[in-house]
Amino acid sequence: MKQALVIGGGFGGMAAALRARAKGYRVTLVDRCEGLGGRAQVFQREGYSFDAGPTVITAPFLLEELFALFGESMADHVDMLPLDTWYSFRFNDGKRFSYGQDLERTDAQIAAFNPADVKGYRQLLKTSEAIFNIGFDQLAAKPFNHFSDMLRQIPALVKLNSHKSVWQLVADHIQHPQLRQAFSISPLLVGGHPFHTTSIYALILYLERKWGVHFPRGGTHALVAALEGLMRRQGIEIRTQTSVDKILTRHGRAHGVTLDTGERLEADELISNADPAWLYRHMLDDVRWSARLKLAAADYSMGLFVLYFGADCQWPEVDHHTISLGPRYQGLLDDIFTNHRLADDFSLYLHRPTATDPTLAPAGHDAFYVLAPVPNLMGAIEWEEEAPRYAERILDALDKTLLPGIKQHLTMRFWMTPQDFHSRYLSQHGSGFSISPRFRQSAWFRFHNRAEGPEHLHLVGAGTHPGAGVPGVLSSAKVVDQLLPEVK
Ligand SMILES: Cc1cc2nc3c(=O)[nH]c(=O)nc-3n(C[C@H](O)[C@H](O)[C@H](O)COP(=O)(O)OP(=O)(O)OC[C@H]3O[C@@H](n4cnc5c(N)ncnc54)[C@H](O)[C@@H]3O)c2cc1C
């Protein structure tokens, strides 16, 4: 039996391991963290369960496919709960807006801001669907390893106005400045500045409508645990707390790795779920010119400051996903992405999983995380010093807005900074989502799924085609599935 070795157990790595196994490979997956999931780690402390990363689960069929590969049904292992309200917004002037599954309710919410935008939103959804039909259905799970793959798609990309940004596309359809913010913010979920992210990512608006927004009972961790169970049932060997130092190559072929302990592992096919920028900079000597060029010109996603906290009471009026926008939109984004400056104001995403699954905290308590997009480590911020101050500022802001009284009811808190993304996940510049989703870093211009280096090395995950986010990295594993040689 041929041996495949997967480096990294994020959603991309787990999906690739399962696909390789279904193809007939003997599979080993190694990850440097204590548990699987990569950015979807779980922190279980004092009766609270905090998902570290992804919380908005879309396109669940991509997960169902992995169980179906082995004749199993995901529903037997995870209870996916569809949400009615997907996102609630609080603007700086105190105004509220929310949208979700019920289109008529969404229309009414839009009309309260600007009646003309009801029609605009429907048109925006139509445009998003057209982008989806090509960008998701035809391109997301297709290899873009050759320039000819890209050339073939140019007419479609031109037709879809992919050179425009998500912001420009939204502004073409929506007039009200606050609604423009609400509908253009989704690139932040995949590490992009809405004013610089290619409008291909506006397909998210339709994707959410097509399959809904879900949360697994037990949290995203329940999904990771279910995938781990599936891997173990299929005999995939899993080694956590195992870090790869170098990819071994011979005559232009990858044939194994060395671990940080000095141990060597040999394999016929290697699949890396590591950050490609880190892989090409630190783990591989044989790197082709195309990857070197990408590294030289790379634009990285922002960093994330994530504050996890529990409280001994509940805020039932706070929805599962709330976005609190500060006084500035573009200016703040520029400070984060371009100036790499930690601004005095911020915009926050507040996750309240106990709104959907109260068992994630002790009875009568709430569990939260609040996420602030911040500069990645290219900004000179001393996170060890800054983090406690920043956490305090965020809690002060929440106390005045979404969570009155939170400061008296806190039971615990801890955080992750871009420094932690760097040291835990080996993320270049501590970025939250690898390289950013600009047009010049999409499709063929993104890191390829077939290594731009030795043969028999493949890449999955956020920095590779098609891009970050759970649906993106699951799609990257589908691409690698097509590239892996059949087992004879
Ligand atoms: C706070 C946060 C919130 C998010 N919210 C959402 C959301 O709501 N919805 C959504 O769809 N997406 C969301 N995302 C994005 C999404 O989580 C990621 O894009 C996706 O999970 C990344 O998966 P991946 O396959 O790239 O692997 P990662 O999750 O990046 O995992 C890679 C793993 O490989 C390990 N590794 C790296 N190098 C080595 C090595 N040399 N040796 C061994 N192991 C190694 C790392 O430690 C890590 O465990 C969020 C991300 C974050 C951080």
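Just so it is clear, none of the values below were taken in a lab; they were calculated from the coordinates. Worth saying up front: this structure is predicted, and the values here are computed from it rather than measured. Cβ coordinates were reconstructed from backbone atoms using ideal geometry, including for glycine residues, and neighbour counts include every protein chain displayed.
For region 196-269, what is the Kirkwood hydrodynamic radius in Å, using each pair of distinct C-alpha atoms?
Values: mean 1/r = 0.0601 Å⁻¹.
Over region 196-269, the inverse of the mean reciprocal pair distance is 16.6 Å.
So between Glu486 and His77, what do we pick up on full extension, going 0.36 nm a residue minus the alpha carbon distance? Write out the running numbers ahead of the final one.
Values: separation 409, 0.36 × 409 = 147.24 nm, distance 2.92 nm.
Between Glu486 and His77, full extension yields an extra 144.3 nm.
How big is the Rg/Rh ratio for region 1-100, C-alpha atoms only, Rh by Kirkwood, two decimals? Walk me through the numbers on the way to the answer.
Working: Rg = 17.8 Å, Rh = 16.4 Å.
Ratio value, two decimals: 1.09.
Sort all Cα-Cα distances of region 363-421 into consecutive 5 angstrom bins from zero, then give the percent of pairs in each bin up to the one containing the longest distance.
P(r) for region 363-421, in whole percents per bin: 4, 15, 28, 23, 14, 11, 4, 1, 0.
Would you mind calculating the relative contact order of region 340-386 from Cα pairs under 8 angstrom and at least 6 residues apart, reporting the percent as a whole number?
Contact order relative to length: 46 percent.
Tell me which of Ser184, Ile57, Tyr201 sits at the most positive position along the dipole axis of the chain, charges placed on C-beta atoms (Lys, Arg +1; Asp, Glu -1).
Tyr201
Once the mean 1/r over all distinct Cα pairs of region 252-308 is inverted, what Kirkwood radius in angstroms do you read off? Each step should come with its number before you reach the end.
Details: mean 1/r = 0.0723 Å⁻¹.
One decimal place: 13.8 Å for the Kirkwood radius.
I want to verify the translational diffusion coefficient of region 303-425 in µm²/s; compute it with Stokes-Einstein, Rh as the Kirkwood radius over Cα pairs, at 20 °C and 1.002 mPa s. Intermediate results must be reported in sequence, preceding the final value.
On the way: Rh = 15.0 Å.
Value of D from the Cα-based Kirkwood radius: 143 µm²/s.
Can you list the DSSP H helices in the chain whose Cα atoms extend at least 24 Å along the helix axis and whose mean Kyte-Doolittle hydropathy is -0.5 or higher?
Working: long enough: 116-134 (28 Å, -0.12); 383-400 (26 Å, -1.12).
Counting only whole DSSP H runs, the qualifying helices are 116-134.
Test of understanding: what is the full-extension gain from Arg393 to Ala111, defined as 0.36 nm times their sequence separation minus their Cα-Cα distance?
Numbers: separation 282, 0.36 × 282 = 101.52 nm, distance 3.40 nm.
So the extension gain works out to 98.1 nm.
Given an 8 Å cut-off on Cα distances and at least 6 residues of separation, report the relative contact order of the chain as a percent. Write out the running numbers ahead of the final one.
Values: 1005 pairs, mean separation 116.0, N = 488.
Taking the mean separation of contacting Cα pairs over the length of the chain, I get 24 percent.
Anything over 31 Å Cα to Cα? Flag those among Lys95/Lys119; Lys210/Lys400; Lys246/Lys294, in the order listed.
Details: Lys95/Lys119 21 Å; Lys210/Lys400 36 Å; Lys246/Lys294 20 Å.
Listed pairs above 31 Å: Lys210/Lys400.
Find, to one decimal place in angstroms, the Kirkwood hydrodynamic radius of region 22-169, where the mean of 1/r is taken over every pair of different Cα atoms and then inverted.
Final number for the Kirkwood radius of region 22-169 is 20.1 Å.
Using a simple spin-label model with points 7 Å from Cα along the Cα→Cβ vector, what separation in nm is obtained for Lys95 and Gln175?
So the label points at Lys95 and Gln175 sit 1.3 nm apart.
Could you please state, rounded to a whole Å, how far the C-alpha centre of region 229-245 is from the C-alpha centre of region 286-326?
A separation of 26 Å, based on Cα centres.
Over all directions, average the projected area of the Cα convex hull of region 26-85 and note it in nm².
Working: hull surface 24.9 nm².
It is 6.2 nm².
Which order, highest average first, do 127-135, 98-106 follow once you tally other Cβ atoms within 10 Å for each residue and take the mean per peptide?
Numbers: 127-135: 20.7, 98-106: 16.0.
My ranking of the peptides, most packed first, is 127-135, 98-106.
Arrange the following residues from fewest to most other Cβ atoms within 10 Å of their Cβ: Trp289, Trp444.
Values: Trp289 8, Trp444 17.
Least to most surrounded, the residues fall as Trp289, Trp444.
Using C-alpha positions alone, give me the convex hull volume of region 106-208 per residue in cubic angstrom. Walk me through the numbers before you get to the answer.
Details: hull volume 9.8 nm³, N = 103.
Hull volume over Cα atoms, normalised by residue count, gives 95 Å³.
Just how large is the dipole of the chain about the Cα centre, in debye to the nearest 20, putting +1 at every Lys and Arg Cβ and -1 at every Asp and Glu Cβ?
Working: 49 positive and 53 negative charges, 278 e Å.
For this selection, approximately 1340 debye.
Treat the count of other C-beta atoms within 10 Å as a stand-in for reagent exposure and order Tyr201, Tyr280 from fewest to most. All intermediate terms of the calculation are to be shown ahead of the outcome.
Working: Tyr201 29, Tyr280 26.
So the ranking, lowest neighbour count to highest, is Tyr280, Tyr201.
Nearest-5 percent of antiparallel DSSP beta bridges in the chain? Mind dumping the intermediate values first?
Numbers: 47 of 68 bridges.
Bridges in the chain are about 70 percent antiparallel.
Eigenvalues of the Cα gyration tensor times 5, then square-rooted: what semi-axes does that give for the chain, in whole angstrom, largest first? Can you show the working numbers first?
Numbers: eigenvalues 235, 135, 99 Å².
After diagonalising the Cα gyration tensor, the semi-axes are 34, 26, 22 Å.
Aspartates and glutamates within cross-link reach of Lys2: Cα-Cα under 19 Å, excluding same-chain residues under 8 positions apart?
Those aspartates and glutamates meeting the cut-off are Glu237, Glu266, Asp268, Glu269, Glu455, Asp481, Glu486.
So how much slack lies between His282 and Gln330, counting 0.36 nm per residue of separation and subtracting their Cα-Cα distance, in nm?
Details: separation 48, 0.36 × 48 = 17.28 nm, distance 3.43 nm.
That pair, His282 and Gln330, stretches by 13.8 nm at full extension.
By a straight-distance test (C-alpha under 18 Å), which aspartates and glutamates pair with Lys126 as possible cross-link partners, with residues fewer than eight away in the same chain excluded?
Straight-distance partners of Lys126: Asp102, Glu104, Asp107, Asp117, Asp137, Asp172, Glu208.
What is the Cα convex hull volume of region 411-488 when expressed per residue in Å³?
Working: hull volume 11.3 nm³, N = 78.
Taking only Cα atoms, region 411-488 has a hull volume of 145 Å³ per residue.
When the helix-only estimate is applied to the chain (DSSP H runs of n ≥ 4, each -39,500 (n - 2.57), divided by the residue count), what is the mean residue ellipticity at 222 nm, nearest 500 deg cm²/dmol? Mind showing how you got there, number by number?
Working: 15 runs with 164 residues, N = 488.
Calculated from helices alone, the mean residue ellipticity at 222 nm is -10000 deg cm²/dmol.
Taking R0 as 25 Å, what FRET efficiency do you get between Glu65 and Arg217 from their Cβ-Cβ distance, rounded to the nearest 0.05? Can you show the working numbers first?
Numbers: r = 20 Å, r/R0 = 0.82.
It comes to 0.75.
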